[in-house]
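These notes concern the structure reproduced below.
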Amino acid sequence: VVRRVNEGGDMKKILVISIGAGDPEHITVQAINALNATDVFFVLDKGEAAHDLLRLREEICARYIAGRSYRTVRAEDPRRDRKAGDYGGAVERWHHDRAALFEALIRDELKDGECGAFLVWGDPSLYDSTLRILAEVTERGAVRFDYEVIPGVSSAHVLAAAHRIPLNRIGQPVHFTTGRRVVDEIAADPGDCVVFLDDGSALAALADRDLDIFWGAYLGTPRQILISGHLNEVAATILETRRSARQEAGWIMDLYLLRRCRAG
Ligand SMILES: C[S@@+](CC[C@H](N)C(=O)[O-])C[C@H]1O[C@@H](n2cnc3c(N)ncnc32)[C@H](O)[C@@H]1O
């Protein structure tokens with residue numbers, strides 16, 4: 001596939017813009033320029049816990065868009081069936097529903113030659129479905145549009161910076177994974193692991209392992225909490241801190257690096 005910059009003429013254009021992982025100052029100059037080129041922002045309402053996150057998106061638009069009018073189109077994000085036994089199938093159905101929604105938004109809310117944007121938390125390449133869905137919409141072929149990705153600061157990088165550590169040790173690999181998988185994967189010694197999307201169960205299951213942990217919640221925001229140490233000494237504190245912080249805020253986002261306790 002050969003793609004050149006500025007292909008497309010008066011084709012509809014979608015920008016997938018990273019807004020960083022919590023601090024409005026994570027945003028890049030490229031992202032600010034992309035915000036200022038956008039006619040329509042598509043905002044997917046994820047309900048309940050996402051209010052602080054919606055507020056950050058609004059703050060970013062208000063702060064960085066200068067002297068330009070734009071429209072905001074809100075749509076309800078299709079719900080994923082979290083009770084379905086078949087996790088892969090449920091996620092696939094959810095992606096189809098979201099692809100149909102994206103297709104309708106691009107078809108009905110964007111004029112030819114206009115630019116629409118999805119603002120993505122952290123970097124769009126990590127545990128985010130926006131790019132997969134846009135690829136599916138392109139494949140369906142019902143609407144013609146071009147799209148571009150503006151990379152940004154991932155929560156993994158904010159975690160490393162907050163703890164003042166590199167993610168990898170010298171010449172060693174780093175494994176990016178989820179709470180759903182890490183307990184099984186760690187047995188195969190994949191190297192140091194950055195664990196996204198753990199509801200606390202994986203951490204509880206790994207609590208007595210001979211690992212160091214660098215944990216962070218609400219990274220980049222005024223609520224940020226950091227805890228590090230040997231897992232069997234700090235796991236209980238992390239789980240209790242996680243529980244009470246979540247209760248107080250009504251939502252939580254946390255991730256951690258697990259590192260084998262050995263020199264290097
Ligand atoms: C759907 S993934 C999106 C990851 C995002 N694309 C990134 O690059 O950071 C959401 C998960 O990322 C992690 N995460 C994102 N932002 C975070 C933050 N500010 N503080 C702590 N964890 C965060 C959490 O593990 C959360 O469950």
query: Top to bottom by accessible area (1.4 Å), largest first, where do Lys13, Lys46 land?
result: Lys46, Lys13
message: How much of the DSSP bridge set in segment 153-264 is antiparallel, in percent, rounded to the nearest 5?
response: 75
statement: In terms of the alpha carbon gyration tensor, root eigenvalues a ≥ b ≥ c, rounded if a/c is under 1.5 and otherwise prolate when a/b exceeds b/c or oblate, the chain is prolate
Rounded accessible area per residue of segment 46-118, 1.4 Å, Å²: 60
field: Positive minus negative residues near Val91 (Lys, Arg vs Asp, Glu; Cβ under 15 Å)
entry: +2
message: Can you tell me the orientation of helix 130-140 relative to the chain, as the angle in degrees between its alpha-carbon axis and the longest Cα principal axis, to the nearest 10?
response: 40
message: Just want to confirm a number: the relative contact order over the chain, from Cα pairs under 8 angstrom separated by 6+ residues, in percent.
response: 22
task: Would you mind putting 72-84, 128-140, 236-248, 194-206 in packing order, based on average other-beta-carbon counts within 10 Å, highest first?
output: 194-206, 128-140, 236-248, 72-84
field: HN-Hα J in Hz across segment 31-43 - Karplus 6.51, -1.76, 1.60, θ = phi - 60°, x for Gly and Pro
entry: 5, 4, 5, 5, 4, 7, 9, 8, 8, 9, 9, 9, 10
field: Backbone HN-Hα couplings from phi across segment 97-108 [Karplus 6.51/-1.76/1.60, Hz, Gly and Pro as x]
entry: 4, 5, 4, 5, 5, 4, 4, 5, 4, 5, 5, 9
query: When the Karplus curve 6.51 cos²θ - 1.76 cosθ + 1.60 is applied with θ = phi - 60°, which whole-Hz ³J(HN,Hα) does each residue of segment 216-227 get, with x for Gly and Pro?
result: x, 10, 6, 4, x, 9, x, 8, 3, 10, 10, 9
field: Selection from His230, Ala217, Ala202 lying farthest towards where the dipole of segment 106-264 points positive, charges on Cβ
entry: His230
query: By DSSP, what percent of the beta bridges with both residues in the chain are antiparallel, rounded to the nearest 5?
result: 40
query: Tell me, what is a quarter of the convex hull surface for the C-alpha atoms of segment 217-260, in nm² with one decimal?
result: 3.1
- prompt: With +1 on each Lys and Arg Cβ and -1 on each Asp and Glu Cβ, how big is the dipole of segment 70-150 about its Cα centre, in debye rounded to the nearest 20?
  reply: 280
- line: Heads up, segment 19-154 by the C-alpha gyration tensor (a ≥ b ≥ c square roots of eigenvalues; a/c under 1.5 rounded, else a/b over b/c prolate, else oblate) looks oblate
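The values are calculated or read from the model by the stated rules, or taken from the named source; none is laboratory data. These numbers were taken from a predicted model, which means no experiment stands behind them. Every residue, glycine among them, receives a Cβ derived from its backbone with ideal geometry; neighbour counts consider all protein chains shown. Note: accessible area is taken over every heavy atom of the protein model, side chains too, but ligands, DNA and RNA are not part of it. Shrake-Rupley method; radii C 1.70, N 1.55, O 1.52, S 1.80 Å.
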